[in-house]
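Student: One structure, as structure tokens, below. Some questions next.
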Amino acid sequence: MKVITRDEIEECEEKIALYDSDELMAEVRNFSSKQRDLFAYLLYAMKEMSDEAFQLGLYLAFLIWKLYPENLSPVDMDIILKMLDGNIEWVKRYSELKEDEEDEIRNYIGSISQPILLKYILDSLFIEFDEGRITIHEYSFLFVTLKTVMDILDMQSTSKV
């Protein structure tokens, strides 16, 4: 799939903001019915979080889903867990790099399929953390969870898993 632009993200945010509560609930139900395992993964990953973190995670996951074609086939939990494991390893490897390892840092950043969307996710999480609405623990878990959602949907849209 092509790289999602900031304009596309903002347009999606604007569309979501125009939903009334019934439309929003219908769209979230549509998300949960079309991607049952992915939605179940989200609920499980966020079950211990504060209401603020849970709502933020659900909103961002929903926005990510809306940025991709709705006709993607459902992904099963095995694929989600493999992607999650890969993302956890990615974070571990990236966090171990030192500032003087510029080439490796460029390679890690260059391997991100949706850099603008990932930056949007990070910025959104950071704002909520910086304003004290989510903890560093929630920030970290939401980052890995939402990167997994993004990577799964991106993989599906590219290869039609």
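None of the figures in this text is laboratory data; all of them are computed from the coordinates on show. From a predicted model like this one, the values you see are computed outputs, not experimental measurements. Virtual Cβ from ideal backbone geometry, glycine too; neighbours counted across all protein chains shown.
Student: Choose one answer from GLN35, GLN55, GLN114: the residue with the largest mean-square fluctuation in a GNM of the chain with alpha-carbon springs under 10 Å.
Tutor: GLN55
Student: Averaging the inverse of every distinct alpha carbon separation and then flipping it gives the Kirkwood radius. What is it for the range 6-159, in angstrom units?
Tutor: 16.3 Å
Student: Can you give the relative contact order of the range 6-159 as a percent, counting alpha carbon pairs under 8 Å and 6+ residues apart?
Tutor: Contact order relative to length: 34 percent.
Student: Among the trypsin sites (Lys or Arg not before Pro) in the range 1-81, which ones are in a DSSP loop with at most 13 other Cβ atoms within 10 Å of the Cβ? Mind listing them?
Tutor: LYS2, LYS47
Student: With springs only between Cα atoms under 10 Å, which of ALA61, ALA26, ALA53 fluctuates most in a Gaussian network model of the chain?
Tutor: Result for the chain, Cα springs under 10 Å: ALA26 fluctuates most.
Student: Rounded to the nearest 500, what is the chain's calculated 222 nm mean residue ellipticity when only DSSP H runs of at least 4 contribute -39500 (n - 2.57) each, over all residues?
Tutor: -25000 deg cm²/dmol
Student: Can you tell which of LEU72, LEU42, LEU146 shows the greatest fluctuation in a Gaussian network model of the chain with Cα springs below 10 Å?
Tutor: In this elastic network of the chain, the residue with the biggest mean-square fluctuation among LEU72, LEU42, LEU146 is LEU72.
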